[in-house]
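The values are calculated or read from the model by the stated rules, or taken from the named source; none is laboratory data. As the structure is a prediction and not an experimental result, all values here were calculated from the model. All Cβ positions, glycine included, derive from the backbone under ideal geometry; neighbour counts span all protein chains shown. SASA here: full protein model, heavy atoms, side chains in, ligands and nucleic acids out. Shrake-Rupley method; radii C 1.70, N 1.55, O 1.52, S 1.80 Å.
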Amino acid sequence: MTGMLPPGFRIQRETNTEEFFINMGPQHPSTHGALRLALRMDGETIVELVPHFGYIHRGMEKQAESMSYLQYIALSDRQDYLTAIQNNLGVVIALEKGMNIGVPEKAEYIRVMLQELGRIASHLVFFACFGGDLGGQTCLLYGFKEREMIHDILEEVTGSRLTTNFFRPGGSRYDVPDTFIPRVKAFLDHMDGTMKDYERFLSKNIIVLERSKGIGILSKEDAIAYGCSGPVLRASGVNFDVRRANPYSIYDSFDFEVPVTYNGDCYDRYTVRIAEIHESMKILRQCIDRFPTEGPWRSKEKPVRLPVGRYYSEIETAKGLYATYVVAATTGEKPYRIHTRGPSFPHIAALNKMVQGHKISDLVTILATLDPVIPEIDR
Amino acid sequence: MGIINLAPKILDPIPGGKYVVNAIDYVVNWARANSIWPLTYGTSCCAIEMMSSSMARYDIARFGSEVFRSSPRQADLFILAGTITRRMAPAIQMLWEQIPGPKYAIAMGACTISGGPFIYDNYSVVRGAQNLIPVDVFVPGCPPRPEALFHGLLTLREKILKETCRNPWQVGEPKDVSTMDRYREAAKTWAALEEMKDEEMAEARAKFKEENPDYKSSFKPIRIKKEDFPEVERVPFKRMGLTQSDIYAKLKEKFPAVTVHTHSEDPVEDVVAAMPADRPLEVMVTPEDYLPMVEFIKDEACLKMDYLIDIVGIDYDDHFDVVSQFRSMEHGHKLFLCLQLKKDFSIPEEQRATALLAHAPSISHLYPAAEFKEREVYDMFGIDFVGHPDQRRIFLDDDFVGYPLRKDFTHPEMIRRPV
Ligand code: SF4
């Protein structure tokens, strides 16, 4: 057997049964994009999994070296397009650290509100795809229904549905329109009712319980060792949320919980995300109450030039820890190097740990609850 | 459709047979145009808009395309949603070959038309789907709105309605991949055309000036008054865990050789103490100290760096920097170790581009997360990680030549950004 192993597989144990290999992807409806998984199977049981990346490697980091800092904000949209607005903030905070400029209060509120809307939108896609991958097409339709309302708000504010490219060092591109707050309020009121529907759909659904409880368990130690973050880490019992652990923007002035569960299985990852939608709505409510109508919505416009140095920022997107590392070797408008740490990469790295001993249909469930976005892994 | 394609041959010579052939056309086209089943395929951002368009709000079912098939053998339409990379290109051609005819392709988004945002300085993106397979309809946008996709779908519908069995649908052959740089030729032609146009315009302008010597433009630029914004002082975010000075003192005690990269003349301690609260401490490590230091910061109770954020490579003229970023889950402080690796210039100059220029110790036995990150650095920079269990290329093909994130990397398919 040894001589025949495909690249990436390592010999694990002596086997007597006939093992075989299955290739899943790069074009597969439930790999959430162009991801290829090579599986070593023993009958119907997965023995080992090796992910193959790079099918959507777009060379963003090389491109960034010949772009200006502002142009890179537009590229960050295209990394994790489900949380484009959050990625923008991650890059912008790193630039602000370099330029050493602050953000007025109203701009911070705009930022936080759009962040949380983006988080809800991303979690709704998770809800839709999770349901869809388990065979419930209805969930697909429902998840995208509420997401369209968020898209309407985003479109009104930023001018674009998906690739927002909105924040700038010192604030944002535009002020929010007068209709912004009433619209968010209407959305929240509507969402209160629909969240009940959603939970009735899946949370107590016997098929979901059977297929996700005890499946794909990731222990606390493994989750930390593999560098998981976001809901995946919190479902394994680690209370880590950058909004609390290293608060950025004005997150330390809000009252919200960080939902943590302790089993680390698929169902826990699902419940954590549902709970996070509730927390995001809580933050949005507080924002609406305290939103300053007066005051500047950005600080003084300055050319985006960073002095020599290295700047690091980290934020919590819907998927987890999103870090940007900017290296400026000369003072100027172009970076020497920009590196992005996306949250999905470590999750796929830990996938092998989770799927061993499960069936292929469980792999689909596990992959859905990791909620990976492949272009953000490959960049 | 073999039998139907015979119909014109048999029926057209018979008096009145033309009408029967027309009727067959009408029925066949009606059926084809009203149930175009797309393939579930999507690589990146545009795929999300494709999904949105099939959901409740936009409802692609109105046009008979709601049945997204997961298998190419049941699909009629290939919506190319998302960037196409060189690594994905063979898979796309294979999918296209697997779809039974009659089959159609819609290129959705700027990426599949020309490369879109990834057109310049890029070594991995195919500039346009038409280089790989025959495309029927192009839908511009980044991403196109669902309405735009529908417009593309309706355009395709019109195209299908014009088909006839007198001139039946032909299998479009997948293109030869060697023509991938067709874009460059087109760009040259385009530039020549632009030049010609410029000359013509200049001539016309000169002529106009000759004929009307005292013409004055009535155009007046309007100045928009810019809003004034105040300067705002930046407040560093709150610090968690140990201060930078504390961490630095701890490291210095154990490893006297550590320093901090600085441009000022002040003693290093003062530089560290003056760092803003939200700036992680970044220390320079020698290759000998690297592995012991990682072990030390992982085990030391008051540091406890148990979480590896990332490993980043940076290429300079004569050395690489490998920055390993750690954080402590328990305390919340961060520490970056910057490992400086001299490039091995004993390798002859013409081999340097494809050779591994530096060696670093691997830390993947301490942090499982490092395994993939080190593979990425190896893939992009050509740095050898000694002791890595599985050092292979991760994002690029095994036969890819060179290491793209080095500053002197060149690739025959790369187009420089014009500005
Ligand atoms: S056209 Fe734009 S939105 Fe579509 S895949 Fe390309 S970058 Fe993404």
Pairing a residue in the stretch B:106-126 that is within 10 Å of the ligand (Cβ to nearest atom) with any residue that is open to solvent by 10 Å² or more (accessible area, probe 1.4 Å) and hydroxyl-bearing (S, T, Y), where Cβ atoms lie under 7 Å and the two sit 6 or more apart in sequence or on different chains, gives B:S114/B:Y183
Only unsatisfied item for B:R145, checking (1) within 11 Å of chain A (Cβ to nearest Cβ); (2) away from the ligand (no atom under 12 Å from the Cβ); (3) of a type outside the set (A, V, I, L, M, F, W, C); (4) surrounded by fewer than 21 Cβ atoms within 10 Å (Cβ to Cβ), is (2)
Those residues of the stretch B:60-85 which are β-branched (V, I, T) and away from the ligand (no atom under 16 Å from the Cβ) amount to B:I60, B:V67
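Mind checking which residues of the stretch B:50-59 are over 18 Å from B:T112 (Cβ atoms) and either within 13 Å of the ligand (Cβ to nearest atom) or basic (K, R) (or both)? Break it down into steps so the answer makes sense when it comes.
At the first step, the residues of the stretch B:50-59 found to be over 18 Å from B:T112 (Cβ atoms) are B:54-59.
Answer for the stretch B:50-59, where residues must be over 18 Å from B:T112 (Cβ atoms) and either within 13 Å of the ligand (Cβ to nearest atom) or basic (K, R) (or both): just B:R57.
Among the candidates A:I374, A:I338, which residue alone is within 16 Å of the ligand (Cβ to nearest atom), within 11 Å of chain B (Cβ to nearest Cβ) and crowded, with 24+ Cβ neighbours inside 10 Å? Can you show your working first?
Numbers: A:I338 fails: within 16 Å of the ligand (Cβ to nearest atom).
That would be A:I374, the only listed residue that is within 16 Å of the ligand (Cβ to nearest atom), within 11 Å of chain B (Cβ to nearest Cβ) and crowded, with 24+ Cβ neighbours inside 10 Å.
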Filtering helices (runs of 4 or more DSSP H) wholly in the stretch A:182-243 for at least 2 residues that are open to solvent by 10 Å² or more (accessible area, probe 1.4 Å) gives A:206-212, A:220-225
For A:V92, the lone unmet condition from (1) at pLDDT 85 or above; (2) of a type in the set (A, V, I, L, M, F, W, C); (3) open to solvent by 10 Å² or more (accessible area, probe 1.4 Å) is (3)
All conditions in (1) surrounded by fewer than 17 Cβ atoms within 10 Å (Cβ to Cβ); (2) in a helix (DSSP H, G or I) are true of B:L156 except (1)
Of the residues in the stretch B:31-49 that are within 11 Å of chain A (Cβ to nearest Cβ) and in contact (Cβ under 8 Å) with a residue 60 or more places away in the chain, the one that is farthest from the ligand (Cβ to nearest atom) is B:L39
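What number of residues within the stretch A:217-234 are touching a residue at least 40 places away in the same chain (Cβ under 8 Å) and out of contact with any His (no Cβ under 7 Å at 6 or more places or on another chain)?
Narrowing the stretch A:217-234 to residues touching a residue at least 40 places away in the same chain (Cβ under 8 Å): A:217-220, A:222-223, A:226-233.
After this cut, where a residue has to be out of contact with any His (no Cβ under 7 Å at 6 or more places or on another chain) as well, the list is A:217-220, A:222-223, A:226-227, A:229-231, A:233.
Summing the residues that are touching a residue at least 40 places away in the same chain (Cβ under 8 Å) and out of contact with any His (no Cβ under 7 Å at 6 or more places or on another chain) in the stretch A:217-234 gives 12.
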Residue hits (the stretch A:244-264; outside any helix (DSSP H, G or I), open to solvent by 10 Å² or more (accessible area, probe 1.4 Å) and within 30 Å of A:L351 (Cβ to Cβ)) are A:N246, A:E257, A:V258, A:P259, A:V260, A:T261, A:Y262, A:N263
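State whether the residues of the stretch B:241-260 include one that is facing another protein chain (nearest Cβ under 8 Å), in a loop (DSSP other than H, G, I, E, B), in contact with a strand residue (DSSP E or B) (Cβ under 9 Å, 6 or more places away or on another chain) and at negative phi.
So in the stretch B:241-260, the residues facing another protein chain (nearest Cβ under 8 Å) come out as none.
No - not one qualifying residue is present in the stretch B:241-260.
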Looking at this structure, is A:A329 surrounded by 19 or more Cβ atoms within 10 Å (Cβ to Cβ) and either touching a Ser or Thr at 6+ places or on another chain (Cβ under 7 Å) or not acidic (D, E) (or both)? no
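So, in the stretch B:103-138, of the ones that are charged (D, E, K, R) and surrounded by fewer than 24 Cβ atoms within 10 Å (Cβ to Cβ), which residue ends up farthest from the other protein chains (Cβ to nearest Cβ)? It would help to see each step written out before you state the result.
To start, the set of residues in the stretch B:103-138 that are charged (D, E, K, R) comprises B:103, B:121, B:127, B:136.
When the remaining residues are screened for being surrounded by fewer than 24 Cβ atoms within 10 Å (Cβ to Cβ), the result is B:103, B:121, B:136.
On the way: B:K103: 16, B:D121: 5, B:D136: 20 Å.
Result: B:D136.
Residue-wise test of (1) over 23 Å from A:D371 (Cβ atoms); (2) buried (at least 23 other Cβ atoms within 10 Å of the Cβ); (3) touching a residue at least 40 places away in the same chain (Cβ under 8 Å).
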{"site": "B:A56", "(1), (2), (3)": "no, no, no"}
{"site": "B:E66", "(1), (2), (3)": "yes, no, no"}
{"site": "B:F78", "(1), (2), (3)": "yes, yes, yes"}
{"site": "B:I84", "(1), (2), (3)": "yes, yes, yes"}
{"site": "B:Q93", "(1), (2), (3)": "yes, no, yes"}
When B:V268 is run through (1) within 11 Å of chain A (Cβ to nearest Cβ); (2) surrounded by 14 or more Cβ atoms within 10 Å (Cβ to Cβ), the failure sits at (1)
